[in-house]
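The values are calculated or read from the model by the stated rules, or taken from the named source; none is laboratory data. Being a predicted model, the structure only gives us computed values, none of them experimental. No Cβ is skipped: glycine too gets one built from the backbone with ideal geometry, and neighbour counts run over all protein chains shown. When the accessible area is computed, the model is the full protein with side chains, heavy atoms only, and any ligands, DNA or RNA have been set aside. Shrake-Rupley method; radii C 1.70, N 1.55, O 1.52, S 1.80 Å.
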Amino acid sequence: MFYREVGDFKTTYAADSQTFPIAFDRVRYYFVLIVAVLLVPFLIDDYWSNAVFVPLLVWSVAAIGLNILTGYCGQISLGTGGFMAVGAYACYKLSTEFPDLNIVFCILISGAITAAVGMLFGLPSLRIKGFYLAVATLAAQFFLVWLFNKVPWFYNYSASGQITMPERTIFGLAVTGPNVEPWAQYLICLAFVFGLAWAARNLTRGSLGRQWMAIRDMDIAAEIIGVDPLRAKLSAFAVSSFYVGVAGALYFSVYLGAVEVTEAFGINQSFLVLFMIIIGGLGSIFGSLVGAAFMVLLPIVLRNILTRGLNWDTALATHVEFMVVGCLIMFFLIAEPHGLAQLWNIAKQKLRLWPFPH
């Protein structure tokens, strides 16, 4: 009874078109935000930071980026891991070449560099689409990984080929390096997720987002009514690559601290992010967050149940994880293509009409 529009009057156009038009949704959103900012940092330790919260936030940014391109604009990409590598290596070069540059600017500039690279590899989308575009972005994945592996300048001629993030501080507090506090890692990632999710939500509801969706639904009809395919597709690649580049920079600098490109940004990462938006829901910012949470938490839960609860072998438990994820992807593609976000919307619609029949 409390989840209704009844009595929730709107007196301005801005109030009527806000992201959360129902008061209960706004209260729930602010409650989650307050808990995330004021409560979680005081409760997490190294395990919860490194195993759950930080990877969840980093993958959320990557999932939002890919969802902008694939879910909103309909351009399939299998090069997410390669673009994350661009962000990571750009952040590394910026932090080593400009030691006094703030880590926040390093991450944002890394995203901008990745956006430029994404636009370059997005040019084929003007002539090809569907499976052929997926193959083109897959080629970008392999090319970028090969480039960072074979050109020593990118890893400062290190003998091991590994890049290591130097210590950087914000307001005198270390957020990268060996002396970083878990709650500091968490808060900087949370700040990026909040800002980028808010920006993505507004972008997708504006004129640019409507152009993306018009291209996704029927590109020929969209061009006839005045949508410029060049601008729409390249802007989607640029914005998506910016988000993925920021995720790559956070993944390297704040989360791992040291990476090797083949292991950290291989094709498995591209498929992982794709699975996140499929399970979470294509064309949904909320679905990106839920999908990232699902794909991060599911292996942890299964691993604890199978290895600790049932005393299974670790290798066997890993294979079971892959089987469960594969079955879930097939289920969502067949039964609910719009993923967990759509299931959440259906539940809310039922709650708004309860207890009346519908």
Looking across region 277-297 at residues that are assigned to a helix (DSSP H, G or I) and open to solvent by 30 Å² or more (accessible area, probe 1.4 Å), the single one that is farthest from Leu340 (Cα to Cα) is Leu297
Checked region 136-158 for anything outside any helix (DSSP H, G or I) and touching a residue at least 24 places away in the same chain (Cβ under 8 Å); matches are Asn156
Legend entry - Condition met for Thr176 (assigned to a helix (DSSP H, G or I) and open to solvent by less than 60 Å² (accessible area, probe 1.4 Å)): no
Expected output for region 115-135 (first residue farther than 14 Å from Cys73 by Cβ and at pLDDT 90 or above, partner assigned to a helix (DSSP H, G or I) and not aromatic (Phe, Trp, Tyr), Cβ below 7 Å, 6+ apart or cross-chain) is Ala115/Ala238; Ala115/Ser241; Ala115/Gly245; Val117/Val86; Val117/Ser241; Phe121/Thr137; Phe121/Ala140
(message) Being open to solvent by 80 Å² or more (accessible area, probe 1.4 Å) and in contact (Cβ under 8 Å) with a residue 12 or more places away in the chain is the requirement here; does Arg352 meet it?
(response) no
With the structure loaded, tell me whether Phe194 is of a type outside the set (Asp, Glu), in a helix (DSSP H, G or I) and within 24 Å of Ala264 (Cβ to Cβ) or whether it fails that test. no
Every listed condition ((1) part of a helix (DSSP H, G or I); (2) more than 23 Å from the chain's Cα centre (by Cα)) holds for Gly161 save (1)
Scanning region 244-276 residue by residue, those under 15 Å from the mean Cα position of the chain (by Cα), open to solvent by less than 10 Å² (accessible area, probe 1.4 Å) and within 23 Å of Ala116 (Cα to Cα) turn out to be Val244, Gly245, Val246, Ala247, Gly248, Ala249, Leu250, Phe252, Phe265, Ser270, Val273
The condition from (1) in contact with a Cys (Cβ under 8 Å, 6 or more places away or on another chain); (2) surrounded by fewer than 21 Cβ atoms within 10 Å (Cβ to Cβ) that Gly309 misses is numbered (1)
Exception for Thr114 within (1) more than 20 Å from Leu272 (Cβ to Cβ); (2) within 19 Å of the chain's Cα centre (by Cα) falls at (1)
Flagged in region 202-243 as under 15 Å from the mean Cα position of the chain (by Cα) and among the aromatic types (Phe, Trp, Tyr), in numbering order, are Phe237, Phe242, Tyr243
Residue set Phe322, Phe332; condition surrounded by 15 or more Cβ atoms within 10 Å (Cβ to Cβ) and within 21 Å of the chain's Cα centre (by Cα); output residue Phe332
When restricted to Thr137, Thr204, the only residue in contact with a Phe, Trp or Tyr (Cβ under 7 Å, 6 or more places away or on another chain), more than 30 Å from Leu38 (Cα to Cα), surrounded by 15 or more Cβ atoms within 10 Å (Cβ to Cβ) and among the hydroxyl-bearing types (Ser, Thr, Tyr) is Thr137
- Before we move on, is Val301 among the β-branched types (Val, Ile, Thr), open to solvent by less than 60 Å² (accessible area, probe 1.4 Å) and part of a helix (DSSP H, G or I)? no
Listed by first then second residue, the pairs whose first member lies in region 304-319 and is under 20 Å from Tyr47 (Cα atoms), whose partner is of a type in the set (Ser, Thr, Tyr) and open to solvent by 60 Å² or more (accessible area, probe 1.4 Å), with beta carbons under 9 Å and at least 6 positions apart or on separate chains, are Leu306/Thr314; Thr307/Thr314
When every residue in region 1-34 that is of a type in the set (Phe, Trp, Tyr) and in a loop (DSSP other than H, G, I, E, B) is compared, the one modelled with the lowest pLDDT is Phe2
Condition set part of a loop (DSSP other than H, G, I, E, B) and either free of Cβ contacts under 8 Å to residues at least 24 places away in the same chain or touching a helix residue (DSSP H, G or I) at 6+ places or on another chain (Cβ under 7 Å) (or both), scope region 75-109, selection surrounded by the fewest Cβ atoms within 10 Å (Cβ to Cβ): answer is Asp100
Residue pairs qualifying under the 6 Å Cβ cut-off, at least six apart or on distinct chains, with the first in region 220-233 being among the β-branched types (Val, Ile, Thr) and the second being buried (at least 16 other Cβ atoms within 10 Å of the Cβ), are Val227/Gln211; Val227/Ala214
Checked region 141-173 for anything among the β-branched types (Val, Ile, Thr) and within 24 Å of Gly118 (Cβ to Cβ); matches are Val145, Val151, Ile163
Picking from Ala140, Ala199, the residue that is among the aliphatic types (A, V, I, L, M) and either modelled with pLDDT under 90 or under 22 Å from Glu263 (Cα atoms) (or both) would be Ala140
